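*Asks:* Take this structure first; my questions come after.
The values are calculated or read from the model by the stated rules, or taken from the named source; none is laboratory data. Note that the structure is predicted; figures quoted are calculated from it, not measured. No Cβ is skipped: glycine too gets one built from the backbone with ideal geometry, and neighbour counts run over all protein chains shown. To get the accessible areas, we keep the full protein, side chains included, count just its heavy atoms, and leave off ligands, DNA and RNA. Shrake-Rupley method; radii C 1.70, N 1.55, O 1.52, S 1.80 Å.
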Amino acid sequence: MRHDDTIMALSSGALPAGVAVIRLSGPKVRDALMAVSGPLPRPRLMALRHIGDAGQRLDQGLVVFFPGPASFTGEDCAELHVHGSRAGVKAILSALSGQGLRLAEAGEFTRRAFENGKLDLLTVEGLGDLLAADTERQRQQALARYDGALSLKVDQWRSVLLDLRAELEARLDFSDEGDVDAELPNSFLASLIGLRRSIADALAAVESGRVVREGIRVALAGAPNAGKSSLINALAKSDIAIVSDEAGTTRDVREVPLDIDGNLFVFLDLAGLRNTDSKAEAEGIRRAKQAMEGADIVLWLMAPDTQDATLPDNLTGKIIRVATKSDLTAATAPHDLQLSAVSGEGLDMLFATLARYAEDLIGGEPALVSHERDRMALSAAVANIDRAEATLKQFELAAESLREASASLERLIGRLDAERVLDRLFLQFCIGK
Ligand SMILES: Nc1nc2c(c(=O)[nH]1)N(C=O)[C@@H](CNc1ccc(C(=O)N[C@@H](CCC(=O)O)C(=O)O)cc1)CN2
Ligand SMILES: Nc1nc2c(ncn2[C@@H]2O[C@H](COP(=O)(O)OP(=O)(O)OP(=O)(O)O)[C@@H](O)[C@H]2O)c(=O)[nH]1
(Lines give C-alpha, C1' and ligand atoms only; values in the text may rest on other atoms or scores of the structure.)
(Ligands and ions follow the chains in the order given, each with its own letter.)
Protein backbone atom coordinates (compact mmCIF):
# COMPACT_ATOMS: atom_id res chain seq x y z
CA MET A 1 0.00 0.00 0.00
CA ARG A 2 1.56 3.29 -1.12
CA HIS A 3 0.77 6.43 0.81
CA ASP A 4 1.30 8.82 -2.09
CA ASP A 5 -1.46 7.03 -3.98
CA THR A 6 -4.72 8.83 -4.42
CA ILE A 7 -7.59 6.53 -3.58
CA MET A 8 -11.27 6.48 -4.54
CA ALA A 9 -14.26 4.41 -3.50
CA LEU A 10 -18.00 4.22 -3.64
CA SER A 11 -18.64 4.99 0.03
CA SER A 12 -22.42 4.74 -0.03
CA GLY A 13 -24.34 1.46 -0.20
CA ALA A 14 -25.28 -0.93 -2.96
CA LEU A 15 -26.42 0.37 -6.34
CA PRO A 16 -28.85 1.34 -7.70
CA ALA A 17 -29.56 3.90 -5.00
CA GLY A 18 -31.05 7.38 -4.70
CA VAL A 19 -27.66 9.03 -4.43
CA ALA A 20 -24.16 7.52 -4.57
CA VAL A 21 -21.23 9.10 -2.75
CA ILE A 22 -17.80 8.66 -4.31
CA ARG A 23 -15.02 9.58 -1.93
CA LEU A 24 -11.47 10.58 -2.87
CA SER A 25 -8.33 11.11 -0.80
CA GLY A 26 -4.72 11.88 -1.66
CA PRO A 27 -2.42 14.28 -3.48
CA LYS A 28 -4.11 14.04 -6.90
CA VAL A 29 -7.55 15.00 -5.58
CA ARG A 30 -7.41 18.65 -6.71
CA ASP A 31 -6.33 17.86 -10.27
CA ALA A 32 -8.68 14.91 -10.62
CA LEU A 33 -11.63 16.91 -9.31
CA MET A 34 -10.92 19.78 -11.72
CA ALA A 35 -10.55 17.31 -14.58
CA VAL A 36 -13.97 15.70 -14.02
CA SER A 37 -16.01 18.60 -12.59
CA GLY A 38 -14.38 21.93 -13.55
CA PRO A 39 -13.27 24.71 -11.18
CA LEU A 40 -12.66 23.65 -7.56
CA PRO A 41 -15.61 24.60 -5.38
CA ARG A 42 -14.93 26.64 -2.25
CA PRO A 43 -13.57 24.38 0.51
CA ARG A 44 -16.20 22.35 2.35
CA LEU A 45 -19.11 23.88 0.45
CA MET A 46 -21.16 21.81 -1.93
CA ALA A 47 -21.43 22.92 -5.52
CA LEU A 48 -23.60 21.60 -8.34
CA ARG A 49 -21.39 20.57 -11.26
CA HIS A 50 -21.50 18.73 -14.53
CA ILE A 51 -19.35 15.65 -14.25
CA GLY A 52 -17.61 14.52 -17.39
CA ASP A 53 -14.71 12.76 -18.97
CA ALA A 54 -12.78 14.46 -21.78
CA GLY A 55 -15.78 16.48 -22.93
CA GLN A 56 -18.27 13.63 -22.56
CA ARG A 57 -20.99 14.33 -20.01
CA LEU A 58 -21.41 11.57 -17.47
CA ASP A 59 -23.75 13.01 -14.85
CA GLN A 60 -24.71 16.09 -12.90
CA GLY A 61 -23.80 15.95 -9.22
CA LEU A 62 -22.89 17.75 -6.03
CA VAL A 63 -19.19 18.13 -5.43
CA VAL A 64 -17.40 18.98 -2.20
CA PHE A 65 -13.70 19.56 -1.63
CA PHE A 66 -11.95 19.23 1.77
CA PRO A 67 -8.39 20.53 1.51
CA GLY A 68 -5.97 18.73 3.84
CA PRO A 69 -5.15 18.69 6.64
CA ALA A 70 -8.68 19.66 7.80
CA SER A 71 -10.32 16.57 6.32
CA PHE A 72 -11.35 13.14 7.53
CA THR A 73 -8.08 11.53 6.40
CA GLY A 74 -5.89 14.59 6.88
CA GLU A 75 -5.12 14.56 3.13
CA ASP A 76 -6.90 16.48 0.38
CA CYS A 77 -10.31 14.83 0.15
CA ALA A 78 -13.33 15.26 -2.08
CA GLU A 79 -16.75 13.74 -2.54
CA LEU A 80 -18.92 13.42 -5.61
CA HIS A 81 -22.60 12.98 -4.76
CA VAL A 82 -24.01 11.59 -7.98
CA HIS A 83 -27.06 9.70 -9.18
CA GLY A 84 -26.91 6.19 -7.79
CA SER A 85 -26.81 4.37 -11.10
CA ARG A 86 -24.53 1.42 -11.72
CA ALA A 87 -23.47 2.64 -15.16
CA GLY A 88 -23.03 6.23 -13.97
CA VAL A 89 -20.83 5.33 -11.01
CA LYS A 90 -18.83 2.93 -13.15
CA ALA A 91 -18.20 5.64 -15.75
CA ILE A 92 -17.16 8.21 -13.13
CA LEU A 93 -14.80 5.78 -11.35
CA SER A 94 -13.31 4.95 -14.72
CA ALA A 95 -12.81 8.67 -15.49
CA LEU A 96 -11.10 9.12 -12.11
CA SER A 97 -8.96 6.09 -12.73
CA GLY A 98 -7.85 7.83 -15.95
CA GLN A 99 -6.64 10.66 -13.69
CA GLY A 100 -4.36 8.21 -11.84
CA LEU A 101 -6.62 7.29 -8.92
CA ARG A 102 -6.98 3.70 -7.73
CA LEU A 103 -9.73 1.91 -5.83
CA ALA A 104 -9.32 1.99 -2.05
CA GLU A 105 -8.99 -1.14 0.04
CA ALA A 106 -11.37 -1.84 2.94
CA GLY A 107 -10.77 0.68 5.72
CA GLU A 108 -8.09 2.55 3.78
CA PHE A 109 -9.55 6.03 4.34
CA THR A 110 -9.65 5.29 8.06
CA ARG A 111 -6.10 3.90 7.96
CA ARG A 112 -4.92 7.20 6.50
CA ALA A 113 -6.84 9.09 9.19
CA PHE A 114 -4.98 6.96 11.78
CA GLU A 115 -1.60 7.48 10.14
CA ASN A 116 -2.17 11.24 10.00
CA GLY A 117 -3.07 11.36 13.69
CA LYS A 118 -6.78 12.14 13.13
CA LEU A 119 -7.83 8.96 14.97
CA ASP A 120 -6.06 6.68 17.44
CA LEU A 121 -6.42 2.92 17.55
CA LEU A 122 -9.27 3.13 20.08
CA THR A 123 -11.29 5.61 18.04
CA VAL A 124 -10.71 3.52 14.91
CA GLU A 125 -12.11 0.54 16.82
CA GLY A 126 -14.99 2.71 17.99
CA LEU A 127 -15.74 3.57 14.37
CA GLY A 128 -15.65 -0.15 13.51
CA ASP A 129 -18.02 -0.92 16.39
CA LEU A 130 -20.29 1.92 15.26
CA LEU A 131 -20.54 0.54 11.72
CA ALA A 132 -21.31 -2.89 13.18
CA ALA A 133 -23.81 -1.67 15.79
CA ASP A 134 -27.23 -3.33 15.59
CA THR A 135 -28.74 -2.31 18.90
CA GLU A 136 -29.24 1.04 20.58
CA ARG A 137 -26.92 0.06 23.45
CA GLN A 138 -24.18 -0.98 21.01
CA ARG A 139 -24.55 2.34 19.20
CA GLN A 140 -24.11 4.32 22.44
CA GLN A 141 -21.09 2.31 23.54
CA ALA A 142 -19.43 2.49 20.11
CA LEU A 143 -20.03 6.23 19.80
CA ALA A 144 -18.45 6.87 23.22
CA ARG A 145 -15.35 4.98 22.06
CA TYR A 146 -15.32 6.81 18.71
CA ASP A 147 -15.70 10.13 20.51
CA GLY A 148 -12.54 9.33 22.46
CA ALA A 149 -13.96 8.62 25.93
CA LEU A 150 -11.39 5.88 26.57
CA SER A 151 -8.61 7.67 24.64
CA LEU A 152 -8.99 10.63 27.00
CA LYS A 153 -8.74 8.38 30.06
CA VAL A 154 -5.67 6.65 28.65
CA ASP A 155 -4.02 10.02 27.98
CA GLN A 156 -4.65 11.03 31.60
CA TRP A 157 -3.20 7.76 32.89
CA ARG A 158 -0.17 8.09 30.62
CA SER A 159 0.49 11.57 31.86
CA VAL A 160 0.37 10.48 35.52
CA LEU A 161 2.70 7.60 34.68
CA LEU A 162 5.14 9.98 32.97
CA ASP A 163 5.28 12.16 36.09
CA LEU A 164 5.82 9.13 38.32
CA ARG A 165 8.53 7.79 36.05
CA ALA A 166 10.24 11.18 36.01
CA GLU A 167 10.38 11.16 39.82
CA LEU A 168 12.02 7.73 39.80
CA GLU A 169 14.32 8.39 36.88
CA ALA A 170 15.57 11.63 38.39
CA ARG A 171 16.78 9.51 41.31
CA LEU A 172 18.55 7.14 38.92
CA ASP A 173 20.31 9.80 36.86
CA PHE A 174 21.48 11.85 39.80
CA SER A 175 22.00 9.16 42.37
CA ASP A 176 25.73 9.97 42.53
CA GLU A 177 25.32 13.71 42.83
CA GLY A 178 23.33 13.80 46.03
CA ASP A 179 21.30 16.87 45.01
CA VAL A 180 18.00 14.99 44.65
CA ASP A 181 16.26 13.83 47.81
CA ALA A 182 16.66 10.06 47.79
CA GLU A 183 13.32 9.61 49.56
CA LEU A 184 10.27 9.70 47.32
CA PRO A 185 7.73 12.35 48.35
CA ASN A 186 4.56 11.06 50.07
CA SER A 187 2.52 12.26 47.12
CA PHE A 188 4.26 9.65 44.96
CA LEU A 189 2.63 6.64 46.57
CA ALA A 190 -0.74 8.40 46.79
CA SER A 191 -0.59 9.18 43.10
CA LEU A 192 0.45 5.62 42.23
CA ILE A 193 -2.43 4.17 44.26
CA GLY A 194 -4.91 6.62 42.76
CA LEU A 195 -3.77 5.67 39.27
CA ARG A 196 -4.11 1.98 40.05
CA ARG A 197 -7.64 2.47 41.36
CA SER A 198 -8.69 4.52 38.34
CA ILE A 199 -7.46 1.86 35.88
CA ALA A 200 -8.92 -0.99 37.95
CA ASP A 201 -12.31 0.79 38.07
CA ALA A 202 -12.38 1.10 34.29
CA LEU A 203 -11.33 -2.53 33.99
CA ALA A 204 -14.20 -3.66 36.21
CA ALA A 205 -16.69 -2.65 33.50
CA VAL A 206 -15.07 -4.75 30.76
CA GLU A 207 -17.51 -7.61 31.23
CA SER A 208 -20.53 -5.37 30.75
CA GLY A 209 -18.83 -3.73 27.77
CA ARG A 210 -18.16 -7.10 26.20
CA VAL A 211 -21.73 -8.27 26.79
CA VAL A 212 -23.03 -5.18 24.98
CA ARG A 213 -20.90 -6.02 21.94
CA GLU A 214 -21.41 -9.78 21.93
CA GLY A 215 -24.87 -10.07 23.43
CA ILE A 216 -26.37 -11.65 26.55
CA ARG A 217 -26.30 -15.39 25.96
CA VAL A 218 -29.57 -17.13 26.79
CA ALA A 219 -29.61 -20.92 26.61
CA LEU A 220 -32.98 -22.54 25.97
CA ALA A 221 -32.77 -25.97 27.47
CA GLY A 222 -34.98 -28.78 28.65
CA ALA A 223 -36.27 -32.17 27.61
CA PRO A 224 -36.88 -32.91 23.91
CA ASN A 225 -40.14 -31.30 22.77
CA ALA A 226 -40.25 -28.98 25.78
CA GLY A 227 -40.90 -26.19 23.28
CA LYS A 228 -37.49 -24.56 22.83
CA SER A 229 -37.68 -23.93 19.09
CA SER A 230 -41.29 -22.77 19.31
CA LEU A 231 -40.35 -20.29 22.03
CA ILE A 232 -37.51 -18.84 19.98
CA ASN A 233 -39.85 -18.46 17.05
CA ALA A 234 -42.42 -16.76 19.22
CA LEU A 235 -39.76 -14.42 20.60
CA ALA A 236 -38.50 -13.53 17.16
CA LYS A 237 -42.07 -13.30 15.85
CA SER A 238 -40.87 -15.10 12.76
CA ASP A 239 -39.90 -18.58 11.66
CA ILE A 240 -36.18 -18.43 12.15
CA ALA A 241 -35.77 -21.56 14.21
CA ILE A 242 -37.00 -24.92 12.99
CA VAL A 243 -40.11 -26.10 14.79
CA SER A 244 -40.76 -29.79 14.55
CA ASP A 245 -42.83 -32.28 16.49
CA GLU A 246 -40.23 -34.98 15.91
CA ALA A 247 -38.28 -35.28 19.13
CA GLY A 248 -34.58 -34.50 18.90
CA THR A 249 -34.62 -32.38 15.74
CA THR A 250 -32.50 -29.63 17.30
CA ARG A 251 -29.09 -31.28 17.38
CA ASP A 252 -26.61 -28.48 16.98
CA VAL A 253 -26.52 -25.17 18.78
CA ARG A 254 -28.48 -22.61 16.78
CA GLU A 255 -27.82 -18.98 17.69
CA VAL A 256 -30.63 -16.50 17.24
CA PRO A 257 -29.68 -12.87 17.94
CA LEU A 258 -32.57 -10.66 19.02
CA ASP A 259 -32.82 -7.00 20.01
CA ILE A 260 -34.89 -6.62 23.19
CA ASP A 261 -35.36 -3.04 24.34
CA GLY A 262 -32.11 -1.96 22.66
CA ASN A 263 -30.08 -4.81 24.14
CA LEU A 264 -28.59 -7.65 22.14
CA PHE A 265 -29.54 -11.13 23.32
CA VAL A 266 -28.26 -14.26 21.66
CA PHE A 267 -30.68 -17.14 22.16
CA LEU A 268 -29.22 -20.60 21.92
CA ASP A 269 -31.61 -23.25 20.71
CA LEU A 270 -30.16 -26.43 22.17
CA ALA A 271 -30.73 -30.13 21.72
CA GLY A 272 -33.20 -31.58 24.20
CA LEU A 273 -31.59 -33.36 27.15
CA ARG A 274 -32.34 -37.07 27.49
CA ASN A 275 -30.57 -40.43 27.49
CA THR A 276 -29.98 -41.57 23.94
CA ASP A 277 -28.29 -44.31 21.90
CA SER A 278 -27.80 -42.04 18.89
CA LYS A 279 -24.22 -40.80 18.61
CA ALA A 280 -25.25 -37.66 16.78
CA GLU A 281 -27.88 -36.82 19.37
CA ALA A 282 -25.46 -37.54 22.23
CA GLU A 283 -23.00 -35.09 20.65
CA GLY A 284 -25.79 -32.51 20.39
CA ILE A 285 -26.57 -33.04 24.08
CA ARG A 286 -22.89 -32.67 25.00
CA ARG A 287 -22.80 -29.35 23.13
CA ALA A 288 -26.06 -28.30 24.73
CA LYS A 289 -24.61 -28.84 28.21
CA GLN A 290 -21.48 -26.95 27.25
CA ALA A 291 -23.55 -24.04 25.92
CA MET A 292 -25.60 -24.01 29.15
CA GLU A 293 -22.39 -23.71 31.17
CA GLY A 294 -21.25 -20.72 29.12
CA ALA A 295 -24.63 -18.96 29.12
CA ASP A 296 -25.47 -15.80 31.08
CA ILE A 297 -29.05 -17.05 31.48
CA VAL A 298 -30.47 -20.56 31.25
CA LEU A 299 -34.15 -20.78 30.44
CA TRP A 300 -35.07 -24.23 31.75
CA LEU A 301 -38.18 -25.29 29.88
CA MET A 302 -40.69 -27.78 31.27
CA ALA A 303 -43.75 -28.88 29.30
CA PRO A 304 -46.85 -30.60 30.66
CA ASP A 305 -46.72 -33.21 27.84
CA THR A 306 -43.05 -34.27 28.05
CA GLN A 307 -40.92 -36.05 30.63
CA ASP A 308 -38.86 -33.71 32.72
CA ALA A 309 -35.10 -33.80 32.15
CA THR A 310 -32.52 -33.18 34.88
CA LEU A 311 -31.13 -29.69 35.17
CA PRO A 312 -27.30 -29.91 35.19
CA ASP A 313 -25.92 -28.66 38.49
CA ASN A 314 -22.71 -26.92 37.36
CA LEU A 315 -24.33 -23.82 35.86
CA THR A 316 -23.02 -20.33 36.65
CA GLY A 317 -25.62 -18.27 34.80
CA LYS A 318 -29.01 -17.15 36.10
CA ILE A 319 -31.54 -19.99 35.91
CA ILE A 320 -35.14 -19.19 35.02
CA ARG A 321 -37.58 -22.11 35.24
CA VAL A 322 -40.18 -21.75 32.52
CA ALA A 323 -43.38 -23.79 32.37
CA THR A 324 -44.27 -23.99 28.65
CA LYS A 325 -47.46 -24.77 26.69
CA SER A 326 -49.65 -23.06 29.28
CA ASP A 327 -52.48 -23.18 26.72
CA LEU A 328 -52.63 -26.96 27.27
CA THR A 329 -52.74 -27.16 31.08
CA ALA A 330 -51.64 -25.02 33.99
CA ALA A 331 -48.19 -26.04 35.23
CA THR A 332 -47.89 -28.06 38.42
CA ALA A 333 -44.09 -28.19 38.81
CA PRO A 334 -42.42 -25.20 40.53
CA HIS A 335 -41.54 -22.48 37.99
CA ASP A 336 -40.60 -18.80 37.72
CA LEU A 337 -42.59 -18.06 34.58
CA GLN A 338 -45.41 -19.72 32.72
CA LEU A 339 -45.97 -19.13 29.02
CA SER A 340 -47.33 -20.43 25.75
CA ALA A 341 -45.57 -20.06 22.43
CA VAL A 342 -48.92 -20.76 20.77
CA SER A 343 -51.18 -18.25 22.54
CA GLY A 344 -48.39 -15.80 23.41
CA GLU A 345 -49.40 -15.79 27.06
CA GLY A 346 -46.51 -14.98 29.39
CA LEU A 347 -44.14 -13.78 26.67
CA ASP A 348 -44.30 -10.17 27.89
CA MET A 349 -43.31 -11.37 31.38
CA LEU A 350 -40.33 -13.14 29.87
CA PHE A 351 -39.36 -10.01 27.90
CA ALA A 352 -39.66 -7.91 31.05
CA THR A 353 -37.52 -10.36 33.04
CA LEU A 354 -34.84 -10.35 30.33
CA ALA A 355 -34.91 -6.55 29.99
CA ARG A 356 -34.51 -6.17 33.77
CA TYR A 357 -31.57 -8.55 33.73
CA ALA A 358 -29.95 -6.47 30.95
CA GLU A 359 -30.56 -3.25 32.85
CA ASP A 360 -28.86 -4.67 35.95
CA LEU A 361 -25.90 -5.95 33.95
CA ILE A 362 -25.31 -3.18 31.42
CA GLY A 363 -27.60 -0.30 32.34
CA GLY A 364 -26.34 3.21 33.02
CA GLU A 365 -23.40 4.93 31.35
CA PRO A 366 -21.80 3.07 28.44
CA ALA A 367 -18.71 1.09 29.55
CA LEU A 368 -15.39 2.64 28.55
CA VAL A 369 -13.79 -0.73 28.03
CA SER A 370 -15.27 -3.53 25.97
CA HIS A 371 -12.60 -5.25 23.88
CA GLU A 372 -10.31 -8.14 24.81
CA ARG A 373 -7.45 -5.80 23.88
CA ASP A 374 -8.63 -3.36 26.57
CA ARG A 375 -8.72 -6.10 29.17
CA MET A 376 -5.22 -7.33 28.32
CA ALA A 377 -3.65 -3.86 28.23
CA LEU A 378 -5.30 -2.56 31.39
CA SER A 379 -4.69 -5.68 33.44
CA ALA A 380 -1.03 -5.64 32.35
CA ALA A 381 -0.83 -1.99 33.39
CA VAL A 382 -2.36 -2.75 36.80
CA ALA A 383 0.02 -5.71 37.32
CA ASN A 384 3.00 -3.50 36.52
CA ILE A 385 1.81 -0.77 38.84
CA ASP A 386 1.52 -3.41 41.58
CA ARG A 387 5.03 -4.55 40.77
CA ALA A 388 6.28 -0.97 40.98
CA GLU A 389 4.59 -0.54 44.35
CA ALA A 390 6.21 -3.72 45.66
CA THR A 391 9.70 -2.56 44.58
CA LEU A 392 9.30 1.11 45.34
CA LYS A 393 12.58 1.39 47.23
CA GLN A 394 14.47 -0.04 44.25
CA PHE A 395 14.09 2.89 41.88
CA GLU A 396 15.45 1.07 38.88
CA LEU A 397 13.05 -1.86 39.19
CA ALA A 398 10.09 0.37 39.95
CA ALA A 399 10.91 2.62 36.99
CA GLU A 400 11.12 -0.41 34.71
CA SER A 401 7.68 -1.62 35.83
CA LEU A 402 6.16 1.79 35.22
CA ARG A 403 7.79 1.86 31.78
CA GLU A 404 6.04 -1.44 31.07
CA ALA A 405 2.75 0.01 32.29
CA SER A 406 3.19 2.98 29.92
CA ALA A 407 3.98 0.61 27.06
CA SER A 408 0.71 -1.29 27.65
CA LEU A 409 -1.22 1.95 27.40
CA GLU A 410 0.67 3.02 24.28
CA ARG A 411 -0.13 -0.31 22.68
CA LEU A 412 -3.78 0.25 23.57
CA ILE A 413 -4.01 3.58 21.75
CA GLY A 414 -1.83 2.31 18.90
CA ARG A 415 1.34 4.29 19.50
CA LEU A 416 3.12 0.93 19.65
CA ASP A 417 2.53 -2.14 17.45
CA ALA A 418 -0.65 -0.87 15.79
CA GLU A 419 -0.13 -2.68 12.48
CA ARG A 420 -1.38 -6.12 13.43
CA VAL A 421 -4.46 -4.77 15.15
CA LEU A 422 -5.26 -2.48 12.22
CA ASP A 423 -4.84 -5.24 9.64
CA ARG A 424 -7.30 -7.43 11.52
CA LEU A 425 -9.69 -4.57 12.15
CA PHE A 426 -9.85 -3.39 8.55
CA LEU A 427 -10.80 -6.86 7.38
CA GLN A 428 -14.21 -6.09 8.88
CA PHE A 429 -14.46 -2.57 7.47
CA CYS A 430 -16.37 -1.67 4.34
CA ILE A 431 -14.70 -0.44 1.20
CA GLY A 432 -15.00 3.35 1.19
CA LYS A 433 -14.64 3.72 4.97
N1 LIG B 1 -20.69 13.06 3.26
C2 LIG B 1 -20.08 12.53 4.30
N3 LIG B 1 -20.77 12.28 5.40
C4 LIG B 1 -20.15 11.74 6.48
C5 LIG B 1 -18.77 11.45 6.45
C6 LIG B 1 -18.05 11.76 5.26
O7 LIG B 1 -16.84 11.53 5.14
N8 LIG B 1 -18.74 12.29 4.22
N9 LIG B 1 -18.17 10.89 7.57
C10 LIG B 1 -17.05 10.11 7.50
O11 LIG B 1 -16.72 9.29 8.33
C12 LIG B 1 -18.82 11.04 8.87
C13 LIG B 1 -18.54 12.40 9.41
N14 LIG B 1 -17.20 12.44 9.88
C15 LIG B 1 -16.26 13.38 9.53
C16 LIG B 1 -15.22 13.58 10.41
C17 LIG B 1 -14.30 14.55 10.14
C18 LIG B 1 -14.40 15.32 8.98
C19 LIG B 1 -13.45 16.43 8.74
O20 LIG B 1 -13.47 17.07 7.69
N21 LIG B 1 -12.61 16.75 9.73
C22 LIG B 1 -11.68 17.85 9.65
C23 LIG B 1 -12.36 19.16 9.91
C24 LIG B 1 -13.09 19.26 11.20
C25 LIG B 1 -13.91 20.54 11.36
O26 LIG B 1 -14.04 21.34 10.48
O27 LIG B 1 -14.43 20.70 12.46
C28 LIG B 1 -10.56 17.61 10.63
O29 LIG B 1 -10.66 16.70 11.45
O30 LIG B 1 -9.56 18.33 10.54
C31 LIG B 1 -15.42 15.07 8.09
C32 LIG B 1 -16.36 14.09 8.36
C33 LIG B 1 -20.28 10.77 8.72
N34 LIG B 1 -20.86 11.50 7.60
N1 LIG C 1 -49.99 -26.33 22.59
C2 LIG C 1 -48.73 -25.94 22.51
N3 LIG C 1 -47.83 -26.69 21.84
C4 LIG C 1 -46.54 -26.27 21.78
C5 LIG C 1 -46.14 -25.07 22.41
N6 LIG C 1 -44.82 -24.91 22.19
C7 LIG C 1 -44.41 -25.98 21.45
N8 LIG C 1 -45.46 -26.80 21.20
C9 LIG C 1 -45.43 -28.05 20.44
O10 LIG C 1 -44.53 -28.95 21.09
C11 LIG C 1 -43.79 -29.70 20.13
C12 LIG C 1 -42.29 -29.50 20.35
O13 LIG C 1 -41.97 -28.14 20.15
P14 LIG C 1 -40.51 -27.67 19.74
O15 LIG C 1 -40.51 -26.20 19.82
O16 LIG C 1 -40.05 -28.29 18.49
O17 LIG C 1 -39.69 -28.29 20.95
P18 LIG C 1 -38.13 -28.37 21.16
O19 LIG C 1 -37.92 -28.32 22.62
O20 LIG C 1 -37.43 -27.37 20.34
O21 LIG C 1 -37.84 -29.83 20.65
P22 LIG C 1 -36.45 -30.49 20.21
O23 LIG C 1 -35.74 -29.52 19.34
O24 LIG C 1 -36.88 -31.69 19.48
O25 LIG C 1 -35.70 -30.81 21.44
C26 LIG C 1 -44.28 -29.21 18.77
O27 LIG C 1 -45.29 -30.06 18.33
C28 LIG C 1 -44.86 -27.85 19.05
O29 LIG C 1 -45.87 -27.49 18.15
C30 LIG C 1 -47.12 -24.30 23.11
O31 LIG C 1 -46.86 -23.24 23.70
N32 LIG C 1 -48.39 -24.79 23.14
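*Asks:* Local charge sum around A20 (other residues, Cβ-Cβ under 13 Å, Lys/Arg +1, Asp/Glu -1)?
*Replies:* +1
*Asks:* Which residue, A234, A219, A144, tops the fluctuation ranking in a GNM of the chain built on C-alpha contacts under 10 Å?
*Replies:* A234
*Asks:* Evaluate the Debye formula for segment 7-118 with equal point scatterers sitting on the alpha carbons, no solvent, and hand back log10 of I(q)/I(0) at q = 0.16, 0.18 Å⁻¹, in q order, two decimals.
*Replies:* -0.65, -0.83
*Asks:* Now, a different point. Can you pick out the pairs among K237/K279; K318/K433; K237/K289; K289/K325; K28/K153; K237/K318 whose Cα atoms lie more than 29 Å from each other?
*Replies:* Checking Cα-Cα distances, K237/K279; K318/K433; K28/K153 exceed 29 Å.
*Asks:* Also: Distance between Cα centroids, segment 277-348 to segment 1-78: provide it in whole Å.
*Replies:* What the calculation gives is 57 Å, centre to centre.
*Asks:* What number comes out for the charge environment of Q338, summing +1 per Lys or Arg and -1 per Asp or Glu over other residues with Cβ under 14 Å away?
*Replies:* Charge balance in the 14 Å sphere: -2.
*Asks:* Please report the net charge: other residues with Cβ closer than 12 Å to the Cβ of C77, K and R +1, D and E -1.
*Replies:* +3
*Asks:* I would also like to ask the following. Write down the accessible area per residue of the chain in Å², having rolled a 1.4 Å probe over the full set of protein chains.
*Replies:* Value returned for the chain: 49 Å² of accessible area per residue.
*Asks:* Lys/Arg Cβ at +1, Asp/Glu Cβ at -1, dipole of the chain taken about the Cα centre: which of Q138, A47, A200 is farthest positive-ward?
*Replies:* Final value for the positive-end residue is A47.
*Asks:* Sticking with this structure for a sec: From the mean inverse distance of alpha carbon pairs (Kirkwood) and the Cα radius of gyration, derive Rg over Rh for segment 77-136.
*Replies:* Rg divided by Rh gives 1.08.
*Asks:* In addition: Starting from the Cα gyration tensor of segment 294-433, multiply each eigenvalue by 5, take the square root, and state the resulting semi-axes largest first in whole Å.
*Replies:* 50, 21, 13
*Asks:* Let me ask you something else. Once the mean 1/r over all distinct Cα pairs of the chain is inverted, what Kirkwood radius in angstroms do you read off?
*Replies:* 26.1 Å
*Asks:* Based on the Kirkwood radius over alpha-carbon pairs, what is the Stokes-Einstein translational diffusion coefficient of segment 384-433 at 4 °C with 1.567 mPa s viscosity, in µm²/s?
*Replies:* 102 µm²/s
*Asks:* May I pose another question? Could you work out the longest stretch of the chain that avoids the GluC sites (Glu not before Pro) located in DSSP loops with at most 11 other Cβ atoms within 10 Å?
*Replies:* Segment 247-433 is the longest.
*Asks:* On to the next question. So who's got an amide H within less than 5 Å of the one on G222, skipping anything under 5 residues away but keeping other chains? H placed 1.01 Å off N, in plane.
*Replies:* L273, L301
*Asks:* At a probe size of 1.4 Å, how large is the accessible area of S208, to the nearest 10 Å²?
*Replies:* 30 Å²
*Asks:* Let me ask something else about it. Enumerate the calculated ³J(HN,Hα) couplings along segment 367-373 in order (Karplus 6.51 cos²θ - 1.76 cosθ + 1.60, θ = phi - 60°), each rounded to whole Hz, writing x wherever the residue is Gly or Pro.
*Replies:* Values per residue, Gly and Pro as x: 5, 6, 10, 8, 9, 4, 4 Hz.
*Asks:* So what does F395 come to for accessible area, using a 1.4 Å probe and Å² rounded to 10?
*Replies:* Surface accessible to solvent at F395 totals approximately 40 Å².
*Asks:* Using a 1.4 Å probe on the protein heavy atoms, what percent of the accessible area of segment 214-362 belongs to carbon and sulfur?
*Replies:* 47 percent
*Asks:* Using a Gaussian network model of the chain with C-alpha springs under 10 Å, which one of V266, V298, V253 is most mobile by mean-square fluctuation?
*Replies:* Largest GNM mean-square fluctuation: V253.
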